[in-house]
Amino acid sequence: MTPAMPVSDLAARTLELVDVPSESRHEGAAMELVRSLLPGDPLYDDGEAIVWGAAAAPVALAGHLDTVPAQENLPARIDGGAVHGLGASDMKGGVAVMLELARAGAQARYVFFTREEVPLEESPLPALFTSGALAGTELAVVLEPTDAILHAGCLGNLQAQVEFHGESAHSARPWAGRNAIHELVDGLAPLARLEPREVEIDGLVYREVVSAVGVEGGIAANVVPARASVELNFRYAPGRSREEAEARLREIVADGALHILHNSPSAPPALGNPLVARLRELVPDVAPKQAWTPVAQFAEQGIDGINYGPGATAFAHRQDEQIPIANLHAVYETLARFLS
């Protein structure tokens, strides 16, 4: 396998990718850059997802092109042994590694896609799965930021709203009504006392947590409100289905009207997969993925997945987002050996 560019220039490729803005739903220019860098025709390209490489390769490398909104962190720069800028860690550094492996001829299927940082319903991956372009894939390596170690499985991500209803009244005579905000406070009491639930799978400990992440209520300073709502985020462990997660949330917050906004599934660790075992010989450190990633979408299709990427988890989505150049080298070299 002959490198298409020196590995030391992975930083330059990351810099190039970061400097093409690609906030979610606006990834066209970044996708065009990817197309221009891949030699030959893709196996699949519907404008929102590209699959390139060896059609029968058992391993797929996957990475998304979109980023969260900019926070005055463009253009990119190289400083202190790291590439700094929007999406450097999540996950244009991982995409840079994928591109250079593809250009070097490493045998895999390479999946570049859009709209990962938005609700699951907008993902282009279901259409890709339907196409059959990934048929026969035995392992998906998702290059999400993992600090160059393996992150197995992922948590499910359930977003819901709970509405509490009362009866409006003048705030000088609150007994004439029923305060929906007070109902909300009472209804959330069980959640406020809830401790994280630890779930051990294959020696890895995932932590289930429920958080109130937004509250709305009240129409005026002199009105007892008739309605209040809270938005909840439930990160649930592998082994719990979407339906079970929704039922569990209803148990935790028994009062109020629960409305499911989004529900992205969890994924098992897949440590029994023979290809994962081979990868672990090169990367012995394994941690549970205490977040959601697209390995869950692959898992729902019966494709085992593992998270392994150069991004620094502590810097993902931050204004000072950055990725260590050493991580780019480490992940490139490891995956080149793994795929050879």
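Taking a ≥ b ≥ c as the square roots of the Cα gyration tensor eigenvalues, with a/c under 1.5 meaning rounded and otherwise prolate when a/b beats b/c, else oblate, which class fits the stretch 1-112?
Judged from the Cα gyration tensor, the stretch 1-112 comes out oblate (a/c at least 1.5, b/c at or above a/b).
What full-extension length gain, to one decimal in nm, is calculated for residue 211 and residue 79 as 0.36 nm per residue of separation minus the Cα-Cα distance?
Taking residue 211 through residue 79 to full extension adds about 43.9 nm, to one decimal.
Work out how much length residue 55 to residue 260 would gain on full extension: take 0.36 nm times their residue separation and subtract the Cα-Cα distance, in nm to one decimal.
70.0 nm
Kindly identify the stretch 249-340 as rounded, prolate or oblate by the Cα gyration tensor criterion: order the square roots of the eigenvalues as a ≥ b ≥ c, call it rounded if a/c is under 1.5, otherwise compare a/b with b/c, prolate if a/b is larger, else oblate.
Judged from the Cα gyration tensor, the stretch 249-340 comes out oblate (a/c at least 1.5, b/c at or above a/b).
Whole-Hz ³J(HN,Hα) for each residue in the stretch 149-162, computed from phi via Karplus 6.51 cos²θ - 1.76 cosθ + 1.60 with θ = phi - 60°, x for glycine and proline: what do you get?
For the stretch 149-162, the Karplus curve yields 10, 8, 10, 8, x, 5, 6, x, 9, 10, 10, 9, 10, 10 Hz.
Based on the alpha-carbon gyration tensor of the stretch 75-186, what equivalent-ellipsoid semi-axes (square roots of 5 times the eigenvalues) come out, in whole Å, largest first?
Working: eigenvalues 449, 92, 31 Å².
Rounded to whole Å, the semi-axes are 47, 21, 13.
Distance between the C-alpha centers of the stretch 86-114 and the stretch 261-317? Whole Å please.
Cα centroid to Cα centroid, the span is 16 Å.
Roughly speaking, to the nearest percent, how much of the chain's 1.4 Å accessible area is carbon and sulfur?
50
With n ≥ 4 as the cut-off for DSSP H runs, can you work out [θ] at 222 nm for the chain, using -39500 (n - 2.57) per run divided by the number of residues, rounded to the nearest 500? List each step's numbers first, then the result.
Working: 9 runs with 91 residues, N = 340.
Result for the chain: -8000 deg cm²/dmol, rounded to the nearest 500.
Decide, for the chain, between rounded, prolate and oblate: order the square roots of the alpha carbon gyration tensor eigenvalues as a ≥ b ≥ c, take rounded if a/c falls under 1.5, and otherwise choose prolate if a/b is larger than b/c, else oblate.
Because a/c hits 1.5 or more and a/b exceeds b/c, the chain counts as prolate.
If you add up the charges near residue 205, with Lys and Arg at +1 and Asp and Glu at -1, over every other residue whose beta carbon is less than 11 angstrom from its beta carbon, what do you get?
-2
Quick one: work out the % antiparallel among DSSP beta bridges in the chain, nearest 5.
Taking every DSSP beta bridge within the chain, about 75 percent pair in antiparallel fashion.
What helices does the chain have that are whole DSSP H segments, at least 20 Å long along their own axis by Cα, and with mean Kyte-Doolittle hydropathy of -1.0 or more?
Length and hydropathy pass: 325-339.
Explain nothing, just compute: Karplus ³J(HN,Hα) = 6.51 cos²θ - 1.76 cosθ + 1.60, θ = phi - 60°, for every residue of the stretch 75-85 in order, whole Hz, x for Gly and Pro.
With the stated coefficients, the stretch 75-85 comes to x, 6, 8, 10, 7, x, x, 9, 8, 9, x Hz.
The values are calculated or read from the model by the stated rules, or taken from the named source; none is laboratory data. This one's a predicted model, so the numbers in the text were calculated from it and none came from an experiment. In this analysis, Cβ positions are derived from the backbone assuming ideal geometry, glycine residues included, and neighbour counts consider all displayed protein chains. Heavy atoms of the whole protein, side chains included, go into the accessibility calculation; ligands, DNA and RNA do not. Shrake-Rupley method; radii C 1.70, N 1.55, O 1.52, S 1.80 Å.
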